[in-house]
Amino acid sequence: MLTHLSIKQFAVVDSAELEFGPGMTVISGETGAGKSLLVDALGLICGLRADSGVVRHGADRAELSAGFALVDAPLARAWLHDNDLDEDEACQIRRVIRADGGSRAWINGRPATVGQLTELSARLVEIHGQHEQQALLSRPSQLALLDAFGRTDAERAAVAEAARRWSALLRERESLSAQGDVSDRIDWLEHQFAELEREELEPAALEQLGADHRRQAHAADLIAACDEALAQLAGDELPSPVGTIEQIRGALQRMNEHEPRLGEVDAMLDAAAIQLDEAQVLLDRIRSDLDIDPGALQTLEQRLGRLHELARKHRVPPDQLLARREAIAAELDGLRGAGERLHKLDAEIESARQAWRRA
């Protein structure tokens, strides 16, 4: 039931406030008194198209609002609830029309579209003109009248639910189909994944590969440097560093009694001799591990070449190839699930269609 109507800066009306009580209300008057303006204002509140001509001359906007009691309006209450616009047992609709032709609307204080005004008002208001009956021209209202006459509310709800599920399945299939040929995408990704899977992409493996390549690429220089150092440590042509240290220690030890600090020097030289012995042992071990192997170098360079080619192909640095492989695996999982879902949807859609027909 309409309980309140407020009109401001509308046509020739500066401001008008009307309150409506229970029962029938009649507004009478001579022609030109403005009765039709009330109906026009209510029509705009109900979602009719607005233009700047309805704004009072000199004003920047017209403001229209109406209040409704919903005690006897279950369809309106249900619509408000479904659209998260419900508020107790009352409803307030407000519309502002600007002088530039734009307009805004609110339902219970929350922004609403003109389409929502039209849908809600169809459940609240019937406007009868000389040559129009809005509710009877509305397809939803026609269906509602037929359902009410046949007392088929339960059947109507069942049909609506069946149609909702059928439509949802159709939208899901359309969304999945819009992805294109999923099988081709899966084949392409599987090929890319297999290429990456053949390579060792873990950070430790990449680091070891780089170290092995550098060592093998410089094997000849490393061997020469180690051989020269070992020869000098062993004293093949000149006195060895350890032998020289021992000679120095012997000369200083004879003077220890005259200068106590020489004992500290002797300890340092002894430690140096020990370090040189250990260095010689380690260097000899390193030299034993070195070998000039053209085949091994070629294998390492081929592995590095494949990694750089994959990095170029996927447009990422080599150290991000592992993350790329994991991303491809995740996409494959999603696409395989989508493909399986698409195959099942046809049967579900047909089942939903049959359920809708039975309902």
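Some points to look at:
- Checking LEU322, LEU276, LEU304, LEU300 one by one, the residue that is part of a helix (DSSP H, G or I), among the aliphatic types (A, V, I, L, M), modelled with pLDDT of 85 or more and touching an Asp or Glu at 6+ places or on another chain (Cβ under 9 Å) is LEU322 and no other.
- If the condition is being under 26 Å from VAL71 (Cα atoms) and buried (at least 16 other Cβ atoms within 10 Å of the Cβ), then region 3-37 contributes THR3, LEU5, SER6, ILE7, PHE20.
- You will find that of VAL114, VAL182, VAL125, the residue that is among the β-branched types (Val, Ile, Thr) and either touching a strand residue (DSSP E or B) at 6+ places or on another chain (Cβ under 6 Å) or modelled with pLDDT under 80 (or both) is VAL182 and no other.
- Of LEU170, LEU201, LEU206, all but one fail to be in a helix (DSSP H, G or I) and either under 15 Å from ARG336 (Cα atoms) or assigned by TED's automatic domain parsing to the domain that holds ALA338 (or both); the exception is LEU206.
- Residues in region 234-246 that are over 14 Å from ASP277 (Cα atoms) and surrounded by 10 or more Cβ atoms within 10 Å (Cβ to Cβ) were compared, and the one that is modelled with the lowest pLDDT is LEU238.
- Criterion (assigned to a helix (DSSP H, G or I) and either surrounded by fewer than 20 Cβ atoms within 10 Å (Cβ to Cβ) or of a type in the set (A, V, I, L, M, F, W, C) (or both)) met by exactly one of ALA76, ALA62, ALA50: ALA76
- Of all the listed residues (ALA224, ALA311, ALA231, ALA251), the sole one being surrounded by 15 or more Cβ atoms within 10 Å (Cβ to Cβ), part of a helix (DSSP H, G or I) and among the small types (Gly, Ala, Ser) is ALA311.
- If you go through region 24-67 and keep only what is more than 45 Å from the chain's Cα centre (by Cα) and acidic (Asp, Glu), you end up with GLU30, ASP40.
- Of all the listed residues (ASP147, ASP153), the sole one being surrounded by 13 or more Cβ atoms within 10 Å (Cβ to Cβ), more than 15 Å from GLN354 (Cα to Cα) and over 40 Å from the mean Cα position of the chain (by Cα) is ASP147.
- Filter result for ALA162 (surrounded by 17 or more Cβ atoms within 10 Å (Cβ to Cβ) and farther than 29 Å from PHE10 by Cα): yes
- Count of residues meeting criterion [within 14 Å of GLN280 (Cβ to Cβ) and in contact (Cβ under 8 Å) with a residue 12 or more places away in the chain] in region 206-256: 9
The values are calculated or read from the model by the stated rules, or taken from the named source; none is laboratory data. Computed from a predicted structure; not experimentally measured. Please note: Cβ atoms are built from the backbone with ideal geometry, for glycine as well, and neighbour counts cover all protein chains shown.
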